[in-house]
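S.K.: Mind having a look at this structure? Questions to follow.
The values are calculated or read from the model by the stated rules, or taken from the named source; none is laboratory data. Keep in mind that this is a model prediction, so the values were computed, not measured. Virtual Cβ from ideal backbone geometry, glycine too; neighbours counted across all protein chains shown. Heavy atoms of the whole protein, side chains included, go into the accessibility calculation; ligands, DNA and RNA do not. Shrake-Rupley method; radii C 1.70, N 1.55, O 1.52, S 1.80 Å.
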Amino acid sequence: MKDDSASYFDSQEFSDILNIYENMLSDGSSVYFDSMDIANIAEYYSIKGLWDKSDEAIEYGLRLHPSDPDILISKANNLLRSGHKDEARVLTESITDTENQELLYLKGEIELAFDHINEADAYFTQAVQLSDDDPGMLNDIIVRYLDNRNYDLCQKWLDMALVLSPDSRNFIELQADLYFDTGQTETAIEWYNHLLDEFAYDTYYWDQLGRIYYEKNDYSKARECFEFIEAIEPDDKSARMMKAGCLFNMNDWKGAYDIYTTLLKDDPSSYTLLYYCGRCLYETERYEDAYDKFMDTLAMLMLDNDVPQEMYVEIYYYLSETAYSTGREEQAVRFLHEGLALDPEDEDLLNLSSRIMPSGN
């Protein structure tokens, strides 16, 4: 899902308010701000992940406006985002502005965090009713359900949103995303193509389509999608990586290798890129070069404590293969034993064992 955050925070009005606030902090002065301005500043910082700055703005605002509901809602929001859902709930219950749609929406979020789905939906319904079916509020609820994988409720609210705003690009995009997330790939393809008919240069839609085709093993169509992204944004490394994956799966070892090596120049410690470079070299029978790349891969793997065991098993297989193919029989046997020690039942390693150690030693 794309984050479209073009909003009030991008306006000159907010930029001016934020500059006044930050200048105040830098020169140690004290400036009066409206409570909503402080709430907006706090939200802006929280969106940017600047939690300390957001909390600081809230505390300053509460000194100016003790018990102001908008600022208290911002504080409860921060508590919820930082994992303090109990404290957030207690704070929202202390706010007496019961007709505040933002408060009701936040209460819905808190109940969702507790996995109280019915209570959350009831609060969301009240919030939307008070907002007169505000599209922004509908969007937030749909996104929250989508992120939380409450797909049935997500569809319920999308149905409502699309009735109210059938031509809304945002809601059409969210519907396409829902089809994508729920594995309804053919329908997702139709909806993303519909969006591309009007917004042909939006790389998000090309990326979603490319990933669908990639998962369907239609690597030719997937490659075309990632090539469109490259044409629009030549520096998009993710698209280049995905294109390389398409070429790799199409057995275009040279094409894939050229991309992987280019990406490797910018990220020389990436064991993923090193591994795929090694695989391309292996598939083209450049065993000496492949052996070196797999050795580099192993060195980088050992620097990461979160590497899954399966990755080590695979790299030991290719190290053993390339070592044997380049006359390093002792190393080949050692790597083979390393792999089998991790997974004695691995079929590739067992087949390799019968080939390079026919005596069963």
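S.K.: What does the helix-only formula give at 222 nm for the chain: each DSSP H stretch with n ≥ 4 adding -39500 (n - 2.57), the total divided by the residues, and the result rounded to the nearest 500 deg cm²/dmol?
M.R.: Here the helix-only value at 222 nm equals -24000 deg cm²/dmol.
S.K.: Separate question: Just one of [x] 16.3; [y] 23.7; [z] 30.7 is mean projected area of the Cα convex hull in nm² as worked out from the coordinates here. Which one is it?
M.R.: The value computed from this structure is option [y].
S.K.: So what is the relative contact order for the chain, in percent, with contacts set as C-alpha pairs under 8 Å and at least six apart? Kindly include the intermediate steps, with their values, before the conclusion.
M.R.: On the way: 377 pairs, mean separation 19.7, N = 361.
So the answer I get is 5 percent.
S.K.: Using a probe radius of 1.4 Å on heavy atoms only, what accessible surface per residue do you get for the chain? Whole Å² is fine. Display every interim value, and only then the final one.
M.R.: Details: 19030 Å² over 361 residues.
Per-residue value: 53 Å².
S.K.: Using a 1.4 Å probe over the heavy atoms of the protein chains, calculate the carbon and sulfur portion of the accessible area of the chain as a whole percent.
M.R.: On the way: 8740 of 19030 Å².
Here carbon and sulfur together make up 46 percent of the probe-accessible area.
S.K.: For residue 334 and residue 289, FRET efficiency with R0 = 25 Å and r from the beta-carbon atoms, rounded to 0.05?
M.R.: It comes out at approximately 0.75.
S.K.: Any idea how far the Cα center of region 27-87 sits from the one of region 285-356, in Å?
M.R.: If we compute the Cα centre of each part, the gap is 54 Å.
S.K.: Would you work out the charge dipole size for region 163-288 about its Cα centre, treating the Cβ of every Lys and Arg as +1 and the Cβ of every Asp and Glu as -1, and quote it to the nearest 20 debye?
M.R.: Dipole magnitude for region 163-288 comes out near 460 debye.
S.K.: With +1 assigned to the C-beta of every Lys and Arg and -1 to the C-beta of every Asp and Glu, and no other charges, what is the dipole magnitude of the chain about the Cα centre in debye, to the nearest 20?
M.R.: In debye, rounded to 20, the chain gives about 960.
S.K.: Cα axis of helix 151-164 to longest principal axis of the chain: angle in degrees, 0 to 90, nearest 10?
M.R.: 50
S.K.: For helix 51-64, what angle does its Cα long axis make with the longest principal axis of the chain, in degrees from 0 to 90 and rounded to 10?
M.R.: Tilt of helix 51-64: around 10 degrees.
S.K.: Can you count the Lys pairs in the chain whose Cα atoms are under 15 Å apart, with each pair 8 or more apart or on different chains?
M.R.: 9
S.K.: ³J(HN,Hα) across region 178-193 via Karplus (A = 6.51, B = -1.76, C = 1.60, θ = phi - 60°), whole Hz, x for Gly/Pro?
M.R.: Listing the rounded values in order: 5, 4, 4, 5, 9, x, 8, 5, 5, 5, 4, 4, 4, 6, 5, 5 Hz.
S.K.: Also, I was wondering about something else. Compute the helix-to-body angle for 287-301: its Cα long axis versus the longest principal axis of the chain, expressed 0 to 90° and rounded to tens.
M.R.: Value to nearest ten degrees: 40.
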